[in-house]
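The values are calculated or read from the model by the stated rules, or taken from the named source; none is laboratory data. Here the structure is a predicted model, which is why all the values come from computation and not from measurement. Positions of Cβ are generated from backbone atoms using ideal geometry, with glycine treated the same way; all protein chains shown enter the neighbour counts.
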Amino acid sequence: MGYTASMHASFLVVGAGLAGLTAAEQIAARLGKDCLVIDRRDHIGGNCHDMQDEHGVLVHPYGPHYFRTDSERVVNYLSRFTDWHPVRYRVQSCTKGRYWSFPVNLRTFEQLMGRECTEEEFRAWLDRERAPEDGPPANSEELMLRTAGKTLYRLFFAPYTLKQWGVPATELAPSVCGRIPIRTNRDDSYLKESFQALPQDGYAAMFRRMSSSPLIRILTSTSFEEVKKRITWDHLIYTGPLDAYFNYSLGRLPYRSLRFEREHFSADQLEERLPVSGKEGFWQPEMQVNYPDPAVPWTRIVELKHATGQQVEGSTVIREYPDAWTTEKEPYYPIPSGVSEQLAEAYRKLTKREKHVTFIGRLAQYRYLNMDQVVLQALECADALAGGRDNPA
Ligand code: FAD
Ligand code: UDP
């Protein structure tokens with residue numbers, strides 16, 4: 001649908017990602033108001049978008065999106081638009097020429113020692129390896145030296161983090177590496193949350209159902225900058241980059257970008273690969289393999305078919321290359337560091353002065369948020385709007 005010069009919306013939603021679509025769905029359903037949702041990309045769903053590639057394999061083109069949460073409210077809400085395919089997300093790390101059990105657990109320690117070990121042995125070893133506690137950790141390196149200890153930190157975290165972010169772990173908030181659990185038992189689940197599942201029919205189908213209200217109009221391939229002089233609205237829900245909204249008046253916030261490279265393998269090629277993958281019909285042993293080695297240009301390879309359980313011939317993998325961000329590229333990650341946080345906080349103060357504007361989502365908040373946190377934020381924004389406020393208290 002195109003737009004016309006006279007277009008007016010009760011709510012203009014900038015960004016058709018998870019934040020924007022949740023907000024639009026709620027505004028239509030709870031406030032009974034019309035919403036115009038725009039996105040500069042040619043599809044809805046933002047980074048959570050999924051699609052079948054030319055071989056019919058379901059892929060996540062913007063990096064793997066493993067839905068997980070401890071929030072009952074978020075599960076109940078999204079369950080109105082999708083059934084779930086439960087998944088135990090499993091990852092390995094490939095370094096020094098071999099695959100390692102990951103995240104760090106007793107099996108990883110046994111691989112390091114080259115023999116069977118007990119939890120007690122691993123704990124005693126970690127106690128010797130770990131840096132002592134001395135107040136709260138100032139950065140990701142300090143945190144990992146205290147939790148994983150120096151050998152495991154140097155093997156799995158320091159080089160991967162440098163490659164992923166382009167800065168050392170000493171410059172990143174503890175919460176960055178702190179996302180990854182360290183366990184002394186044999187539990188090798190990548191994530192900690194109690195609910196872990198993918199939408200049964202994929203994210204795209206879930207998003208279509210979320211935006212099916214006649215009160216919601218969607219314009220893709222349309223940027224805010226392009227239409228803001230031609231569309232009027234009563235209230236703006238903004239999910240784009242925080243600094244862009246304010247025309248970079250306080251300076252530019254740093255982002256990290258990515259490049260994705262897709263490769264498909266036929267059933268015959270997978271057959272040949274069996275000695276490496278160990279699993280018929282797959283290219284690698286698990287859904288995701290991380291590559292800390294500096295000589296390898298990608299950070300991870302994702303073979304989503306492990307997680308979706310899709311019955312399809314052949315398989316597709318996506319290699320993920322970290323990339324310096326420039327204005328022509330997608331700002332995939334806000335960079336959580338002391339310096340960026342100060343600037344982001346200054347911008348967040350400016351948002352308080354904006355009347356009838358709500359800033360939600362990963363880019364507008366400049367926070368490294370998971371999907372469930374973004375949904376919760378949008379639900380709380382709808383609570384506030386329903387109570388006559390622009391933003392949650
Ligand atoms: P986005 O999905 O970024 O949507 C914002 C939308 O706004 C975009 O589509 C953009 O095109 C549009 N936009 C921006 N500016 C403008 C403008 N000026 N005009 C018009 N449109 C505009 N979370 C998990 O829970 N599990 C995972 O496994 C996971 N993996 C991830 C892997 C990667 C590589 C990345 C980058 C993120 C991952 N996330 C994961 C986080 C997840 O992507 C986010 O939590 C979620 O997508 C945030 O939704 P959003 O709507 O805030 O942002
Ligand atoms: N990390 C690491 N080694 C790994 C996996 C993760 O050093 O094998 C660090 C790295 O800094 C990464 C962060 O932990 O950016 C969070 O990892 P996660 O897999 O959660 O990243 P995301 O999926 O959000 O990109």
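Within the group 286, 328, 341, which residue is within 16 Å of ligand 1 (Cβ to nearest atom), out of contact with any Ser or Thr (no Cβ under 8 Å at 6 or more places or on another chain) and touching a residue at least 12 places away in the same chain (Cβ under 8 Å)?
Values: 328 fails: touching a residue at least 12 places away in the same chain (Cβ under 8 Å); 341 fails: within 16 Å of ligand 1 (Cβ to nearest atom).
Testing whether each residue is within 16 Å of ligand 1 (Cβ to nearest atom), out of contact with any Ser or Thr (no Cβ under 8 Å at 6 or more places or on another chain) and touching a residue at least 12 places away in the same chain (Cβ under 8 Å) leaves just 286.
For region 6-16, indicate whether the set of residues that are more than 16 Å from ligand 2 (Cβ to nearest atom), assigned to a helix (DSSP H, G or I) and crowded, with 23+ Cβ neighbours inside 10 Å is non-empty. Step through it out loud before you land on a result.
Step one: of region 6-16, the residues more than 16 Å from ligand 2 (Cβ to nearest atom) are 6-16.
Restricting the remaining residues to those that are assigned to a helix (DSSP H, G or I) gives none.
For region 6-16, residues more than 16 Å from ligand 2 (Cβ to nearest atom), assigned to a helix (DSSP H, G or I) and crowded, with 23+ Cβ neighbours inside 10 Å: absent.
Can you tell me which residue is surrounded by the most Cβ atoms within 10 Å (Cβ to Cβ) among those in region 352-367 that are in contact with a strand residue (DSSP E or B) (Cβ under 6 Å, 6 or more places away or on another chain) and part of a loop (DSSP other than H, G, I, E, B)?
Just the residues of region 352-367 that are in contact with a strand residue (DSSP E or B) (Cβ under 6 Å, 6 or more places away or on another chain), to begin with: 356-359, 364, 366.
Adding the requirement that they be part of a loop (DSSP other than H, G, I, E, B) leaves 356, 366.
Working: 356: 10, 366: 26.
Selected residue: 366.
May I ask you to say which residue of 59, 37, 75 is closer than 19 Å to residue 376 by Cβ and of a type outside the set (Phe, Trp, Tyr)? Give the derivation first.
Details: 59 fails: closer than 19 Å to residue 376 by Cβ; 37 fails: closer than 19 Å to residue 376 by Cβ.
One residue alone meets the criteria, 75.
Could we say that residue 24 is in a helix (DSSP H, G or I) and surrounded by fewer than 20 Cβ atoms within 10 Å (Cβ to Cβ) here? Don't jump to the end; show me each part of the working.
Working: in a helix (DSSP H, G or I): yes; surrounded by fewer than 20 Cβ atoms within 10 Å (Cβ to Cβ): no.
Considered against the rule, which asks whether it is in a helix (DSSP H, G or I) and surrounded by fewer than 20 Cβ atoms within 10 Å (Cβ to Cβ), residue 24 comes out as no.
With the requirement that a residue be more than 20 Å from residue 36 (Cα to Cα), within 11 Å of ligand 1 (Cβ to nearest atom) and in a loop (DSSP other than H, G, I, E, B), what does region 239-260 give you?
Correct list: empty.
Can you find even one residue in region 29-50 that is within 18 Å of the chain's Cα centre (by Cα), more than 12 Å from ligand 1 (Cβ to nearest atom) and under 28 Å from residue 312 (Cβ atoms)?
Within region 29-50, the subset within 18 Å of the chain's Cα centre (by Cα) is 41, 43-50.
Still in the running and more than 12 Å from ligand 1 (Cβ to nearest atom): none.
The answer is no; no qualifying residue exists.
For residue 81, only one of the following conditions fails: (1) exposed (fewer than 15 other Cβ atoms within 10 Å of the Cβ); (2) more than 16 Å from ligand 2 (Cβ to nearest atom); (3) not basic (Lys, Arg). What is its number?
For residue 81, the failing item is (1).
Is it true that some residue in region 59-76 is without any contact (Cβ under 8 Å) to a residue 12 or more places away in the chain, farther than 30 Å from residue 42 by Cβ and among the charged types (D, E, K, R)?
Here is the first cut: in region 59-76, the ones without any contact (Cβ under 8 Å) to a residue 12 or more places away in the chain are 72, 76.
Filter once more, keeping what is farther than 30 Å from residue 42 by Cβ: 72, 76.
Adding the requirement that they be among the charged types (D, E, K, R) leaves 72.
There is at least one residue in region 59-76 that is without any contact (Cβ under 8 Å) to a residue 12 or more places away in the chain, farther than 30 Å from residue 42 by Cβ and among the charged types (D, E, K, R).
So which residues in region 150-183 are β-branched (Val, Ile, Thr), within 16 Å of ligand 1 (Cβ to nearest atom) and either free of Cβ contacts under 8 Å to residues at least 40 places away in the same chain or on the phi > 0 side of the Ramachandran plot (or both), if there are any at all? Talk me through it step by step, then tell me what you get.
Of all residues in region 150-183, those β-branched (Val, Ile, Thr) come to 151, 161, 167, 170, 176, 180, 182.
Now narrow it down to the ones that are within 16 Å of ligand 1 (Cβ to nearest atom): 161, 176, 180.
Within region 150-183, 161 is the sole residue that qualifies.
Residues in region 227-260 that are touching a residue at least 24 places away in the same chain (Cβ under 8 Å) and either of a type in the set (Val, Ile, Thr) or over 30 Å from residue 165 (Cα atoms) (or both): how many?
10
Would you be able to say whether some residue in region 184-195 is more than 29 Å from residue 39 (Cβ to Cβ), within 17 Å of the chain's Cα centre (by Cα), within 15 Å of ligand 2 (Cβ to nearest atom) and aromatic (Phe, Trp, Tyr)?
Yes, region 184-195 has at least one match.
Could you give me the residue pairs with C-beta distances under 7 Å whose first residue belongs to region 92-106 and is closer than 12 Å to residue 292 by Cα, whose second residue is of a type in the set (Gly, Ala, Ser) and more than 10 Å from ligand 2 (Cβ to nearest atom) wherever it lies, and which are 6+ apart or on separate chains?
Hits for this filter: 92/101.
Against the condition more than 16 Å from ligand 2 (Cβ to nearest atom) and closer than 29 Å to residue 389 by Cβ, how does residue 47 come out, does it pass? Don't jump to the end; show me each part of the working.
Numbers: more than 16 Å from ligand 2 (Cβ to nearest atom): no; closer than 29 Å to residue 389 by Cβ: yes.
The answer is no for residue 47.
Return the pair list, or none, for Cβ contacts closer than 6 Å from residues in region 352-373 that are under 17 Å from residue 71 (Cβ atoms) to residues that are among the small types (Gly, Ala, Ser) and within 9 Å of ligand 1 (Cβ to nearest atom), at least 6 apart or on different chains.
Here the result reads 360/19; 360/378; 361/19, each pair linking region 352-373 to a residue that is among the small types (Gly, Ala, Ser) and within 9 Å of ligand 1 (Cβ to nearest atom).
Answer yes or no: is there a residue in region 118-128 that is within 27 Å of the chain's Cα centre (by Cα), under 14 Å from residue 185 (Cβ atoms) and assigned to a helix (DSSP H, G or I). Give the steps one after another, and end with the answer.
Taking region 118-128 first, the residues within 27 Å of the chain's Cα centre (by Cα) are none.
No; the residues of region 118-128 include none that is within 27 Å of the chain's Cα centre (by Cα), under 14 Å from residue 185 (Cβ atoms) and assigned to a helix (DSSP H, G or I).
Residue 91: modelled with pLDDT of 95 or more, within 16 Å of ligand 1 (Cβ to nearest atom), part of a strand (DSSP E or B) and of a type in the set (A, V, I, L, M), yes or no? Write out each step before concluding.
Values: modelled with pLDDT of 95 or more: yes; within 16 Å of ligand 1 (Cβ to nearest atom): yes; part of a strand (DSSP E or B): yes; of a type in the set (A, V, I, L, M): yes.
When the stated conditions are applied, residue 91 passes them.
How many residues are under 26 Å from the mean Cα position of the chain (by Cα), in a helix (DSSP H, G or I) and surrounded by fewer than 19 Cβ atoms within 10 Å (Cβ to Cβ) when one looks only at region 99-117?
Our first condition is that a residue be under 26 Å from the mean Cα position of the chain (by Cα); within region 99-117, this holds for 99-105, 108.
Those left that are additionally in a helix (DSSP H, G or I): 108.
Narrowing the set further to residues that are surrounded by fewer than 19 Cβ atoms within 10 Å (Cβ to Cβ) leaves none.
So the count comes out to 0.
From the list 198, 236, pick out the single residue that is over 22 Å from the mean Cα position of the chain (by Cα), buried (at least 19 other Cβ atoms within 10 Å of the Cβ) and outside any loop (DSSP other than H, G, I, E, B). Can you show your working first?
On the way: 198 fails: over 22 Å from the mean Cα position of the chain (by Cα).
On inspection, the qualifying residue turns out to be 236.
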